[in-house]
Structures are given as structure tokens and as C-alpha cells.
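Okay, so here's the structure we're looking at.
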Amino acid sequence: MLLDIDKALETLKAADADPSQSARFVEAVLANVFFYSKDAKDPALDQRCIEGEVEKNYARNFGLSPPLYRRPPLDKLGR
């Protein structure tokens with residue numbers, strides 16, 4: 001995750017983004033990232049994970065999401 005954000009920030013910097021734009025970008029990204037401890041016990045979360053077959057699909061989905069710098073609008077910067 002951090003390397004992905006770093007690469008996206010490099011893209012923003014190359015496109016002459018100012019520090020406040022970069023800060024807002026990082027805030028927006030991290031506002032949508034959730035981390036749960038391994039020992040977290042939340043019945044609603046557990047049920048959502050079971051229904052979504054998260055454990056089964058984790059290996060298949062890991063790494064398939066495009067990195068931030070390849071997503072719009074960053075994919076158009078610096079070209």
C-alpha cells in the first residue's frame with residue numbers, strides 16, 4: 001500500500017501538484033483503507049467475509065487491482 005501511494009505521489013509531483021494537493025490525495029486514499037487486527041471479533045464483519053468468500057478469493061484477487069498511479073485521473077498525468 002505504501003509503495004503504491006509513493007508511486008502515485010511521484011506522479012502527482014511530476015505533474016506539478018503542490019503539497020496541499022498531495023496531502024489531500026493521501027487523506028482521500030487512507031480514508032478508504034481499513035485495517036482490522038488479526039484477533040478482531042466482529043460478528044457482522046465475520047458474516048460479510050463468509051458471504052463474500054473473502055478467504056477463498058483473497059489469493060485470486062491479491063495484486064489484480066491496478067496501482068493508484070494507473071487509475072484515473074492519475075493515469076493521464078505526465079503524458
Going from most exposed to least, what order do GLU55, GLU10 have by accessible area with a 1.4 Å probe?
-> GLU55, GLU10
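State whether the chain is rounded, prolate or oblate according to the following rule on the C-alpha gyration tensor (a ≥ b ≥ c being the square roots of its eigenvalues): a/c under 1.5 gives rounded; otherwise a/b larger than b/c gives prolate, and the remaining case gives oblate. Mind dumping the intermediate values first?
Working: a/c = 3.45, a/b = 2.07, b/c = 1.66.
Prolate.
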About the Cα centre of the chain, what is the dipole size in debye to 20, counting +1 per Lys and Arg Cβ and -1 per Asp and Glu Cβ, all else neutral?
-> 280 debye
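The values are calculated or read from the model by the stated rules, or taken from the named source; none is laboratory data. The shown structure was predicted, so the numbers you read here are calculated from the model rather than taken from an experiment. For neighbour counting, all protein chains shown are included, and Cβ atoms are generated from backbone atoms with ideal geometry for every residue, glycine included. Accessible surface areas use protein heavy atoms only, side chains included; no ligands, DNA or RNA. Shrake-Rupley method; radii C 1.70, N 1.55, O 1.52, S 1.80 Å.
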